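Peer 1: Here it is: the structure, laid out below.
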Amino acid sequence: MRSSAVDKGLRTGVVFGIIIVTMFLIGFTVTGAELVGKILGTPSSSPSLLFFSIFMILVGAWAGASASARPLVEVDTWKRALTTGVWAGAMSGLFSAVIGFLFGELISNKIDPRTYLPSVSPESIKMFLFNQTPLTGSLILFSMLTVSGLAAAALSFFVRNNDSVKSSKRKASESVWSVIRSQRVSNVVQNKYTRYGSLLAFAILLIILPRVWGGYWNYVLGTVGIYIILGLGINIITGWAGQLVIGYVAFFAVGAYTFALLTAPEPHHLMMNFWIALGLGVLAAGISGLLIGLPILNLRGDYLAIVTLGFAEIIRILLKSDLMTAYTAGPRGIRDIAGPTIFGKPFNSDVDFMYLIIIAVLVVTFLANRLQNSRTGKAWYAINLDETVARATGINTFASKLLALSLSAAVAGLAGVLFASRNQFTGPDDHALMVSINVLCLVIVGGIGNIPGIFLGAFVLKGLPEVLRETESYRLLIFGVLLIVMMRLRPEGFLPAKRPELEKPAVQNLPGKEG
Amino acid sequence: MFWGLPQHLLWQSPHLLKRRQYFMDKPTSTSAQVRLRLERYIRTFAGIVIGVFLLWRVYNVIVLQHNFGADTWVRFGLAGLILGGMYALIAIGYTLVYGIMFMINFAHGEVMMLGAFGGFFTFEALRFIHAPTLANPELNFLNAHPFVSVLLAFLVGISVSATTGYFLERIAYRPLRKAPRLILLITAIGASIFLQNLAMLLFGPQRKNVVNPDILDRGAGWILKVSGNDVLISYTGIFSLVLSTLLMIGLYNLVQRTKLGRAMRAVASDRNTASLMGVDVDSVISKTFMISGALAGAAGVMWDIHMGLVNHYTGFLPGIKAFTAAVMGGIGNIPGAMLGGMLLGVIEAIGPAALGIDFQLKDVIAFSILVLVLIVRPSGILGEKLSEEKL
């Protein structure tokens, strides 16, 4: 009979082996090496063997550490930790060595695997085998993963069970917390003037920064700002009222297209003023939300998700089709969309736009904050918790949900207007379903129902990928994994919403139900 | 925010609990009754108006304008039935999972896509195996033994999809068994994005041509004479239609006659009671996912054989449309899903021509049907079959 330690190690090893093989097959081993190189700060963009080795060692170490994590039942001993670590490393090493050997043999026989697996380039195979022959390369890979698994297991066991490390860790965290909780800090934080001062500093920062950091950052952060607005919007219906909307991009598209058609010279030559068109775009989006919600919101929650999804697809297909080309310029999209003006003067440089987006974000945040604490916000919260109870307490659930949907649609319309106006172009492909999934992801990752969480989510999910260009093609894959993992480990997001406990815990021994 | 919050506190409050119970039953107050009745009238009225308008439009196009002959309609109807068979197979998967777990398995279309890739790679692998005969030394296995090849492709596709379904449930959904439904739905969306992009990164974004065995060539078939014109009934189409019908009959018998089917129905109607009666709920749910995955995989291989093009996006639209079909037939209702799938396929094929609109818009028709069904008859054609507590 195998011991449970070996068993655990083998199981973790299989999982990590599959992960490594998958990473190899989708070409992520090269990207991972590039990322390591970028994080270590080397100027050369070409990934070297060193970075690849570091990447593989990290993966092996992760396998070893997670396999040798503190067991639930058994005693945490050196022997167990090392056994699990070494078996996990060896098993994942076996997987990668076999796959590396196979592909090495393939390319040495001049067969290109790219016909069926386009991500597996000969370069990535060579790198996977450390530029050696298939046999030596796979042996190196195997031993590297085994050793790193063993080392990580030993290290994690040491950190876990060494008293001096533990106590120093505790001391450090205690000292940090004691400073944070100390009277002096809280005095400073709660001081009125400090708060005003920091707000002022923040405002000055917001005014100065767009002028300083140049067009690229204005573009990136403008996108982040638009996504913050979208996130705040979807948060109203999904975060507060608890009704999932998948096709949120539909309202974004309605806003963008309404605005674009009203201001662009083609195809209608209306050339309306920016501010009027903005108002009409927001209004149109809000009304479309109202119309979608009318027949659906009385039904079970899932239907809203699917119907909005269908609505988004309908809108995208319609915009692309020949039927609507005369009205919406078809797949070409609408060009030369007007920028904002102030008293007849154009106000559309990238800096100006950054200001506009910042103002819009502030306004929407302010409104969202007011809404959250209003009577309506509390009604949404009640619907989210239990719709039947909410109805029983006298909330008109249908009207509340309808209001939430049209408000969030209107906010999406605002984001669409800003987006179209900034790019001076909008086409059907700007409104693919992926936009709404991104928005949903950022709200969920940041902390659904929580305004700071949405800011965080937008910066993490829209800002980081712009910075880490290498991961561009893997972004959606990582999104998918992130969603699953987040839902499992931390479904309330990184910055969970805090809600006041509206009711004290009920006393036990309640009087029995009456007839 | 839907979770981890003092939800249980609300529940424990005695007067709220009582009022909740009161409201769970049929609305007894007259105003609520009036509102419900009014809503039903409005829905019926809207249905009648839309129906009359559609009929008028169809009458105009078919009878008055008379652009197409009878042969075209037969051709469209046949294509719709074939497509509808595939939709029905996928829709059954949605309905089974929805009935048991009360979740929309958003990744179901991706399960079908992986099955399609399984079939595609089987064909490709068999094409490279030489099976020379005396008459033809260049012959490959695919053409030498077409029936074995097709059988193998179905086996591979079905097992890939069933395995995917099993692990999907095991890794993504099982830890969330007690979580709110929104979390399950978001997880399913995550799984869908993950599988789709994994397939794109693994196999590349371009569309792949599926090479069939020669006797199942897509252009080959029987010729039917309708009003003087030839209508091609392709072998692949008939093969798909027959196979999907057989699979549906098999599934219906499995659910109605076997012990596993009884267990599935028991879990669907009341999970807790079923587990008290000795049903292993976890294994039943696993098996449900495997069965629905297998059906989707079969649909995927049919897609390979009949449609001939496969890429990572193959499963997305059929998946959503199959969900539409499941809602249309009444979610949780297996015959409903079959009927809904067939109907949706036919409507989608005939619709653009019958309504006199562009063929680009056939996807719009499917989604509009979803919206219309939800407006006019939210419980579907054959009615939902969901347990009381879930409503």
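Peer 1: How many of the residues in the stretch B:197-210 are buried (at least 18 other Cβ atoms within 10 Å of the Cβ), closer than 16 Å to A:SER121 by Cα and more than 8 Å from every other protein chain (Cβ to nearest Cβ)?
Peer 2: Number of matching residues: 1.
Peer 1: Hey, any hits in the stretch B:311-322 for a residue that's modelled with pLDDT under 90, of a type outside the set (Ser, Thr, Tyr) and touching a strand residue (DSSP E or B) at 6+ places or on another chain (Cβ under 7 Å)?
Peer 2: For the stretch B:311-322, residues modelled with pLDDT under 90, of a type outside the set (Ser, Thr, Tyr) and touching a strand residue (DSSP E or B) at 6+ places or on another chain (Cβ under 7 Å): present.
Peer 1: Determine which member of the set B:ARG207, B:ARG218 is farther than 21 Å from B:MET342 by Cβ, touching a Gly at 6+ places or on another chain (Cβ under 8 Å), touching a residue at least 12 places away in the same chain (Cβ under 8 Å) and among the charged types (D, E, K, R).
Peer 2: Every option except B:ARG218 fails the conditions.
Peer 1: So, of the residues in the stretch B:277-287 that are of a type in the set (Val, Ile, Thr) and without any contact (Cβ under 8 Å) to a residue 24 or more places away in the chain, which turns out to be farthest from B:PHE367 (Cα to Cα)?
Peer 2: B:VAL279
Peer 1: Can I ask one more? Which ones in the stretch A:285-295 are surrounded by fewer than 24 Cβ atoms within 10 Å (Cβ to Cβ) and of a type in the set (A, V, I, L, M)?
Peer 2: A:ILE287, A:LEU290, A:LEU291, A:LEU294
Peer 1: Also, I was wondering about something else. Of these, A:LEU25, A:LEU58, which one is in contact with a helix residue (DSSP H, G or I) (Cβ under 9 Å, 6 or more places away or on another chain) and under 16 Å from A:THR471 (Cα atoms)?
Peer 2: One residue alone meets the criteria, A:LEU25.
Peer 1: Would the stretch A:379-386 turn up any residue that is modelled with pLDDT under 85, farther than 21 Å from A:ILE287 by Cα, assigned to a helix (DSSP H, G or I) and away from chain B (no Cβ under 14 Å)?
Peer 2: Scanning the stretch A:379-386 turns up no residue that is modelled with pLDDT under 85, farther than 21 Å from A:ILE287 by Cα, assigned to a helix (DSSP H, G or I) and away from chain B (no Cβ under 14 Å).
Peer 1: Given the options B:ILE189, B:ILE171, B:ILE193, name the one that is in the same structural domain as B:ALA116 (by TED's automatic domain parsing) and in contact with a helix residue (DSSP H, G or I) (Cβ under 6 Å, 6 or more places away or on another chain). I'd like the intermediate steps shown before the answer.
Peer 2: Numbers: B:ILE189 fails: in contact with a helix residue (DSSP H, G or I) (Cβ under 6 Å, 6 or more places away or on another chain); B:ILE171 fails: in contact with a helix residue (DSSP H, G or I) (Cβ under 6 Å, 6 or more places away or on another chain).
From the options B:ILE189, B:ILE171, B:ILE193, the qualifying one is B:ILE193.
Peer 1: Could I ask something else about it? Have a look at A:VAL351, A:VAL389, A:VAL364 and point out the one that is closer than 16 Å to A:GLY225 by Cα and buried (at least 20 other Cβ atoms within 10 Å of the Cβ).
Peer 2: Just one listed residue meets the conditions, A:VAL364.
Peer 1: Same structure again: Considering only the stretch A:472-492, how many residues are surrounded by fewer than 17 Cβ atoms within 10 Å (Cβ to Cβ) and either touching a His at 6+ places or on another chain (Cβ under 8 Å) or acidic (Asp, Glu) (or both)?
Peer 2: 1
Peer 1: Taking only pairs six or more apart or across chains, which ones have beta-carbon atoms under 6 Å, a first residue in the stretch B:222-240 that is in the same structural domain as B:LEU78 (by TED's automatic domain parsing), and a second residue that is surrounded by 13 or more Cβ atoms within 10 Å (Cβ to Cβ) and of a type in the set (Val, Ile, Thr)?
Peer 2: Pairs found: B:TRP222/B:ILE233; B:LEU224/B:VAL231; B:LEU224/B:ILE233; B:VAL226/B:VAL74; B:VAL231/B:VAL74; B:THR236/B:ILE305; B:GLY237/B:ILE82; B:SER240/B:ILE82.
Peer 1: Please note which helices (runs of 4 or more DSSP H) are completely contained in the stretch B:5-95 and include at least 2 residues that are modelled with pLDDT of 85 or more.
Peer 2: B:30-59
Peer 1: Could you tell me how many of the residues in the stretch B:52-87 are under 25 Å from B:VAL373 (Cβ atoms) and without any contact (Cβ under 8 Å) to a residue 12 or more places away in the chain?
Peer 2: 5
Peer 1: What is the one condition in (1) touching a residue at least 24 places away in the same chain (Cβ under 8 Å); (2) within 22 Å of A:ASP302 (Cβ to Cβ); (3) in contact with a Ser or Thr (Cβ under 6 Å, 6 or more places away or on another chain) that A:ALA379 does not satisfy?
Peer 2: Just one mismatch for A:ALA379, condition (1).
Peer 1: Moving on to the next point. Where in the stretch A:280-378 are the helices (runs of 4 or more DSSP H), entirely inside, with at least 1 residues that are more than 13 Å from chain B (Cβ to nearest Cβ)?
Peer 2: Numbers: elements: A:301-320, A:325-328, A:350-372.
In the stretch A:280-378, A:325-328, A:350-372 are the helices (runs of 4 or more DSSP H) which contain 1 or more residues that are more than 13 Å from chain B (Cβ to nearest Cβ).
Peer 1: Restricting to helices (runs of 4 or more DSSP H) lying wholly in the stretch A:179-251: which have 2 or more residues that are of a type in the set (Phe, Trp, Tyr)? Walk me through it before giving the result.
Peer 2: Working: elements: A:183-190, A:192-212, A:214-234.
Per the criteria, A:192-212, A:214-234.
Peer 1: Checking the conditions here, which among B:PHE147, B:PHE194, B:PHE154 is within 13 Å of chain A (Cβ to nearest Cβ) and not charged (D, E, K, R)? First the steps, then the outcome.
Peer 2: On the way: B:PHE147 fails: within 13 Å of chain A (Cβ to nearest Cβ); B:PHE154 fails: within 13 Å of chain A (Cβ to nearest Cβ).
Just a single option satisfies the conditions, and that option is B:PHE194.
Peer 1: Please go through the stretch A:108-163 and pick out each residue that is touching a helix residue (DSSP H, G or I) at 6+ places or on another chain (Cβ under 8 Å) and of a type in the set (Val, Ile, Thr).
Peer 2: Across the stretch A:108-163, the qualifying residues are A:VAL120, A:ILE125, A:THR133, A:THR146, A:VAL147, A:VAL159.
Peer 1: Here is a follow-up. Any residue in the stretch B:133-141 that is within 30 Å of the chain's Cα centre (by Cα) and surrounded by 18 or more Cβ atoms within 10 Å (Cβ to Cβ)?
Peer 2: Checked against the condition, which is being within 30 Å of the chain's Cα centre (by Cα) and surrounded by 18 or more Cβ atoms within 10 Å (Cβ to Cβ), the stretch B:133-141 yields no hits at all.
The values are calculated or read from the model by the stated rules, or taken from the named source; none is laboratory data. Nothing here was measured: the structure is a model prediction, and the numbers come from that model. Quick reminder, even Gly has a Cβ in these numbers, built from the backbone with ideal geometry, and neighbours come from all protein chains shown.
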